[in-house]
Every structure is written in C-alpha cells, then in structure tokens.
1. If the requirement is being of a type in the set (G, A, S) and touching a residue at least 60 places away in the same chain (Cβ under 8 Å), which of these qualifies: B:G29, B:G43, B:G62, B:G53?
2. If I go through the stretch B:47-67 residue by residue, how many of them are under 26 Å from B:G16 (Cβ atoms) and either open to solvent by less than 60 Å² (accessible area, probe 1.4 Å) or modelled with pLDDT of 95 or more (or both)?
3. For the stretch A:81-115, which residues satisfy the criterion of being within 16 Å of A:T7 (Cβ to Cβ) and open to solvent by less than 30 Å² (accessible area, probe 1.4 Å)?
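The values are calculated or read from the model by the stated rules, or taken from the named source; none is laboratory data. Keep in mind that this is a model prediction, so the values were computed, not measured. Cβ placement follows ideal geometry from the backbone for every residue including glycine, while neighbour counts extend to all protein chains displayed. To get the accessible areas, we keep the full protein, side chains included, count just its heavy atoms, and leave off ligands, DNA and RNA. Shrake-Rupley method; radii C 1.70, N 1.55, O 1.52, S 1.80 Å.
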Amino acid sequence: ETGVTQTPRHLVMGMTNKKSLKCEQHLGHNAMYWYKQSAKKPLELMFVYNFKEQTENNSVPSRFSPECPNSSHLFLHLHTLQPEDSALYLCASSQDRDTSQETQYFGPGTRLLVL
Amino acid sequence: AQSVAQPEDQVNVAEGNPLTVKCTYSVSGNPYLFWYVQYPNRGLQFLLKYITGDNLVKGSYGFEAEFNKSQTSFHLKKPSALVSDSALYFCAVRDPISSGSARQLTFGSGTQLTVLP
C-alpha cells in the first residue's frame, strides 16, 4: 500500500535463534530506516542508511545487525535476543536522509516475539 | 534537543462530532511537523506535514492541522469524525537546522482515537 514491504509479518523466536527481517522499498528512495515500536512508547530510531551507507546507529545493542546491500533492500539480522526485544519493527524509507522536508514512508512492520 | 508531546493517551469522540488530537513540540529553530496514523497491525501512514507557509495544513482523509508558533502546537483536527478514523495517531517533529542524529524525526508516544458509533 505504501510501496514499502516487510517480511515476515510475524516472527516467534527463542533467545538462541538467529533470524533476519527483510524490508524492500519500491519508491526509488535513497534512505532507509529501522524503528522499534514498543507498547506505550514513542518510536525508537535504530539505524539509518543513506545511499547504502550506515549514517546512524542509535546505541543499538550488537545483537541487532543491519545490512543494506542496495538502496532498495534493508535487513535486520537478529541473534541471541532477549524477551524485552519483543516489539513491532518498522522499516521506512525517504528520498534522502539529508533533506529535512522529506516524508518517511513506512512498511507494515514485523511483529517479533522473543521467548 | 527536539521533543514532541501528545498529552492525551486516549481520545473518544462520537461519530459526526469534530475531533482534535493534540500535539506540542519543542525545537530550537522553526520546526517541520508531521502527523501519521497507524491502524491495527499496520505500519504508519503519512497524513500531512507542515514545512512553511499557511498555518492550516490539509491532508488525507479530511484531516487538517493548524501550526501555532506562539503555543508551539500542531493539533490534528477533523470536522466530522468517522468510526473508520479510529486508530493510533502520531505527531513527529524535525528541527531542520540540527545536525547528526538530531535531524531525525522525533515521534510522540501516540494518541489512541476511538470514534463511537
């Protein structure tokens, strides 16, 4: 609906598992973002990529590892997560990170549950 | 540092009545302001934004928002609410003169709007 797709939509994993979240944008944008959304809390920006280069890492634990092979695809690799990492993970894209007026467009999110 | 506050966790309004979802902000310069809506099990959808110019901004689905610099507010409004407007609404701010991580969008904690039939 917004040109940003995310898979899987739901994921249940144990603390010792390794999994990856995938995001793809079909909007021709150059910047992509990972956000974490927890209940009753503001969205937390995790990572920003601009022209495939990581430009922001907001003190995210190393158990989250992003990868951006090209401007259309963004991954979030997960390993040895904790139950408190359970949340909705949202991907977004915008034309260019450095253009302040630019609107970010969001995917539907991946609902993650860590057991 | 920039910040945004949505003082109401929950807003209830009867269908057909006007609705207001409140947002106040704090930035060092002139703000860029955004409203997003999130329906259940969906991502955030862009509604409208204020960059410059007319203080009254019109957006999707009949929503509008008024930028008030003196009150540092950007309240979301709709003249006549629909049951289908029930969703979670987020206000966001960006300070265009900041650098680094401060240039990113800062979101409020969200306001759950329920429109009662």
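1. Working: B:G43 fails: touching a residue at least 60 places away in the same chain (Cβ under 8 Å); B:G62 fails: touching a residue at least 60 places away in the same chain (Cβ under 8 Å); B:G53 fails: touching a residue at least 60 places away in the same chain (Cβ under 8 Å).
After applying the criteria, what remains is B:G29.
2. Total meeting the criteria: 12.
3. Across the stretch A:81-115, the qualifying residues are A:L88, A:Y89, A:L90, A:C91, A:A92, A:S93, A:F106, A:G107, A:P108, A:G109, A:T110, A:L112.
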